[in-house]
1. Which ones in segment 288-311 are within 25 Å of ALA329 (Cβ to Cβ), among the acidic types (Asp, Glu) and not in a loop (DSSP other than H, G, I, E, B)?
2. How many of the residues making up segment 66-96 are hydrophobic (A, V, I, L, M, F, W, C), touching a helix residue (DSSP H, G or I) at 6+ places or on another chain (Cβ under 7 Å) and either modelled with pLDDT under 95 or within 16 Å of ligand 1 (Cβ to nearest atom) (or both)?
3. Quick one: which of ILE253, ILE233, ILE269 is surrounded by fewer than 24 Cβ atoms within 10 Å (Cβ to Cβ) and within 17 Å of the chain's Cα centre (by Cα)?
4. Please specify each residue of segment 256-287 satisfying the condition of being away from ligand 1 (no atom under 14 Å from the Cβ) and either assigned to a strand (DSSP E or B) or in contact with a strand residue (DSSP E or B) (Cβ under 7 Å, 6 or more places away or on another chain) (or both).
5. If I ask for residues that are surrounded by 15 or more Cβ atoms within 10 Å (Cβ to Cβ) and over 20 Å from ASP252 (Cα atoms), which ones from segment 292-311 would you list?
6. Looking for something within 16 Å of ligand 2 (Cβ to nearest atom), within 22 Å of CYS102 (Cβ to Cβ) and aliphatic (A, V, I, L, M) - is there at least one such residue anywhere in segment 202-211?
7. What tally of residues in segment 115-168 results from selecting those that are part of a helix (DSSP H, G or I), among the small types (Gly, Ala, Ser) and closer than 15 Å to ILE85 by Cα?
8. Could you please let me know if SER188 is in contact (Cβ under 8 Å) with a residue 12 or more places away in the chain, polar (S, T, N, Q) and within 16 Å of ligand 2 (Cβ to nearest atom)?
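The values are calculated or read from the model by the stated rules, or taken from the named source; none is laboratory data. Quick caveat: nothing in here was measured; it's all calculated off a predicted structure. Because the Cβ atoms are built from the backbone with ideal geometry, glycine has one as well, and the counts that use them run over all protein chains shown.
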Amino acid sequence: MIIVMNKISTEEQINAVLARIKEKGLDANVSKGTERTVIGAIGDERLLDPELLESLPGVEQALHIVKPYKIVAREWHPKDSVIDINGHLIGGNHIQIISGPCSVETPDQMQKSAKAVKAAGVKLMRGGAFKPRTSPYSFQGIGSDGLKMFKEAADKEGLPIVTELLDVRHLDAFLEQNVDVIQIGTRSMQNFELLREVGKLDVPIILKRGMSATIAEWLMAAEYIAAGGNHNIIFCERGIRTFETYYRNVLDITAIPVLKKETHLPVIIDPSHSGGKAWMVSALSRAGIAAGADGLLVEMHPNPCEAWCDADQAINPEELKHLMQELTAISKILGRTISE
Ligand code: PEP
Ligand code: MN
């Protein structure tokens, strides 16, 4: 950590800062310039709180030099991490598309969805049994029965399932159904207790970005999961809140290269919840993959007009097939594999 003293700081104030650093077991290096004094704290800087140091008299600024996140940081793990989901790889050179309806509705809808996912060449299926809705009066998902219905339909087509966990109280039902990938939604990104619980599991986690979360907050949320021992984390950019009202959220494409620089873990995008309209899905998907995303989480419904949730943004089976053709062409140019 670097502590910059202000111009008028006294010797006594400098010594007080040095005492604080030594108290925590770190060494200090004092550099006296013509303008001001800079103190370098050497050792495990996580033991020092910059805010606490900045409250001391004579201190202008205290800055961390290493990243506050460790396990998820590329700084400590330069090679791309590749996550194995029942034999389907994501990360590194491998792109995976995950598709399916917003919510689990009926056995017939799930069977049709699973068939359409398989027919498009997609290897992983999504669907929500527990839905986080803005209004308590909207459809909340069909719950645990939906997990069972989802698993049965997906199993018939040999597809691993991805579904959102809203509450730790549902975890037993998730484990009972052998959910293959647990999704943590945008509204739960900073539910630290939930993050801690999934950190204890040996199940890959998709961590969606909070709709108003900074990249640093998102990385720290992933660190919560990783700190528990579960390093199988996939970041999902799903659109953020801005001043724009034309579309549901703004897909932050810029976040893709930034995340790729900051973390070794896979990064995917959700073109459905970002644009909020089916007609935008193809453009946003192509942009995401071209920008280096390791995959997509995309909503598809066998009959979008009848979807119980997010009908506007679901593409149909034919559109999913076409999208896969477009993405296969882009992946080829990038020299990457898709949906293997
Ligand atoms: C979803 O994927 O169904 C969902 C609710 O997404 P988000 O958390 O991004 O809103
Ligand atoms: Mn949805």
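1. GLU299
2. 1
3. ILE253
4. ILE256, LEU259, LYS260, GLU262, THR263, LEU265, PRO266, VAL267, ALA278, SER285
5. MET300, HIS301, PRO302, PRO304, ALA307, TRP308, CYS309, ASP310, ALA311
6. Within segment 202-211, one or more residues are within 16 Å of ligand 2 (Cβ to nearest atom), within 22 Å of CYS102 (Cβ to Cβ) and aliphatic (A, V, I, L, M).
7. Quick first cut of segment 115-168, residues part of a helix (DSSP H, G or I) only: 115-119, 144-156, 168.
Applying the additional criterion that residues be among the small types (Gly, Ala, Ser) yields 116, 119, 144, 146, 153-154.
If we keep only those that are closer than 15 Å to ILE85 by Cα too, we end up with 154.
Within segment 115-168, residues that are part of a helix (DSSP H, G or I), among the small types (Gly, Ala, Ser) and closer than 15 Å to ILE85 by Cα number 1.
8. Here the answer is yes, as SER188 does meet what is asked.
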